[in-house]
């Protein structure tokens, strides 16, 4: 009976995953499933409502299973699947950003970038897929028009207008690649260039239409206290509510400000904290290209430090590239840096670490690429941060876990890594500690602003002032940050809150395991179990669901021998 019920569960999961691949072709591409690379999603209102209906049916089917009749391992996977789908239902049915914020142009950019940026197939084949997607752009943008509701949010739609203004740069990259691949006048090149021309015209027309919608746009976007608290509960953040998170953010802000003051005094007791910070920030590469090289160097040094100090087991074959953030993602989406994980199903998956040169051409942008900050960001985004974590998570066979990327673990792990690496001697001098605490101050502000913005307690202008005053960010970067906070409720609080929860989990495991505690084993158990909510990781460590997953024994043996 248990075996049959388990099989029923996994059949539901496989059907659900197959539906997502068909309904969301760009999601499939990012996952390394290339059967849908020639398509764009149906972007119509009816298609979004169909997705909500599908998620609702999936939840109902999972709830109808007799949980007591499942094996312990499958019972845990069922609860995890319900967690993910209930959050998705909240986004589709309650939050409904999809009918208040146009993401049409950004989705076009993602559809092209996902194929162009990775060499999973010969360039000619990838360009043919891009051509097909570009030919579908006019239809997709017409569908997006029909789904934007009667109360679009002004700020959110201005962001998509910004993407439209720079989309030509991405299209030009595609045209240049085609010219290098095919001779002038060849059918494939003519088709590609025609598709680019049609897509650019459609983007321009869409942008013109979207501007007209701003006339009846609203500035009323916060979730409000009741819905925000419901979302926090759905996130399963170890029982915390919004007030708990706000208090923790305020406490962390003061703690990290005090720690930064102390680190600054170690550098120069006669200078003000601001003078020390400015001195550190002026130690930066001369050009952005040199900065990219510095990011590459920092991530490779960090990788070797993880190996040399036996901090975690690296999955085989993982690779990572560093490049400038595509134009269409700058400003609101990626004002500083970001990471695109290795596609789970690609034969040779590789991560992409992107860094933004500047926001709106800010003349002081290189100050944000200072050497101590480059080190901290590279730990967070690369090793042992996002790249290591997501590469390890990809090795887990569960399709349920392929759909899980709990922000408080994924982002929290990145922040935890920053502190943990300093604990083990990586770039731990006072200047780098100032950078560490500066980033922690920024994430403390995120905790506070996430709660207060979405409960309607602060305006965008007030939040921007708050961020500038407490972080020292230039106003353009601070504003771009706050813009992103407005449409990502409970995501921004996840960075530092996740770190706090992970440190608490580590302390609990050290007490529980005593002399048997191994830091590498603890890290491996988290990394190779997937991007689960920390509360679910805690349950695995306690023995539920068959316990945590470890890398294969031969990998652990190699890691031990190398270290």
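Structural remarks
- Simple label model, 7 Å out from Cα along Cβ direction - residue 186 to residue 244, nm: 6.0
- Relative contact order [Cα under 8 Å, 6+ residues apart], the range 2-216, whole percent: 24
- Exposure proxy ranking, count of Cβ atoms within 10 Å, fewest first, for 281, 499: 281, 499
- Stretching residue 168 away from residue 1 to a fully extended chain increases their span by 54.3 nm, per 0.36 nm per residue minus the current alpha-carbon distance.
- Taking packing as the residue-averaged number of other Cβ atoms within 10 angstrom, the listed peptides 129-137, 308-316 run from highest to lowest as 129-137, 308-316.
- Inter-label distance, residue 308 to residue 212: 6.3 nm, where each label sits 7 Å from its Cα along the C-beta direction.
- With a cut-off of 18 Å on the backbone N, the residues of the range 421-459 near the modelled label site 7 Å out from residue 266 along Cα-Cβ are 421-441.
- Legend: ranking of residues 420, 1 from fewest to most surrounding C-beta atoms inside 10 Å; resulting order 1, 420.
- Note on the chain: helix-only mean residue ellipticity at 222 nm, from DSSP H runs of 4+ residues weighted -39500 (n - 2.57) and normalised by residue number, equals -21000 deg cm²/dmol.
- In the range 228-497, the DSSP beta bridges split such that about 40 percent are antiparallel, to the nearest 5.
- Summary of the geometry: the range 372-387 and the range 212-275, compared by the centres of their Cα atoms, lie 21 Å apart.
- Inter-site label distance for residue 179 and residue 64 at 7 Å from Cα along Cβ, in nm: 5.8
- Whether the range 2-216 is rounded, prolate or oblate, judged on the alpha carbon gyration tensor where a/c under 1.5 counts as rounded: oblate
- Order of 243, 270 under a 10 Å beta carbon neighbour criterion, fewest first: 270, 243
- Cα gyration tensor category, rounded, prolate or oblate, for the chain with a/c compared to 1.5: rounded
- Note: relative contact order over the chain, using C-alpha pairs below 8 Å and six or more positions apart, is 17 percent.
- Global form of the range 254-328, assessed from the alpha-carbon gyration tensor, a/c cut-off 1.5: oblate
- Taking each residue as 0.36 nm, the span from residue 234 to residue 161 lengthens on full extension beyond its C-alpha to C-alpha distance by 23.1 nm.
- The packing ranking of peptides 102-108, 401-407, 346-352, highest mean first, is 102-108, 401-407, 346-352, where packing means the average number of other beta carbon atoms within 10 angstrom of each residue.
- Sequence-separation-based contact order of the range 21-129, relative, with Cα cut under 8 Å and 6+ spacing, percent: 29
- Residues of the range 456-494 with amide N under 14 Å of the 7 Å Cα→Cβ point at residue 504: 494
- For the chain, share of DSSP beta bridges that run antiparallel, in % to the nearest 5: 35
- At R0 = 45 Å, FRET efficiency that the Cβ-Cβ distance of residue 142 and residue 226 yields, to 0.05: 0.80
- Using the Cβ-Cβ distance between residue 286 and residue 50 with R0 set to 56 Å, the FRET efficiency from 1/(1 + (r/R0)^6) comes to roughly 0.60.
- Using a Förster distance of 22 Å, the FRET efficiency for residue 323-residue 119 (Cβ separation, nearest 0.05): 0.95
Bear in mind that the values in this text are calculations on the coordinates, not laboratory data. Predicted, not measured: the structure shown is a model, and the values here were computed from it. Backbone-built Cβ (ideal geometry, glycine too); neighbour counts: all protein chains shown.
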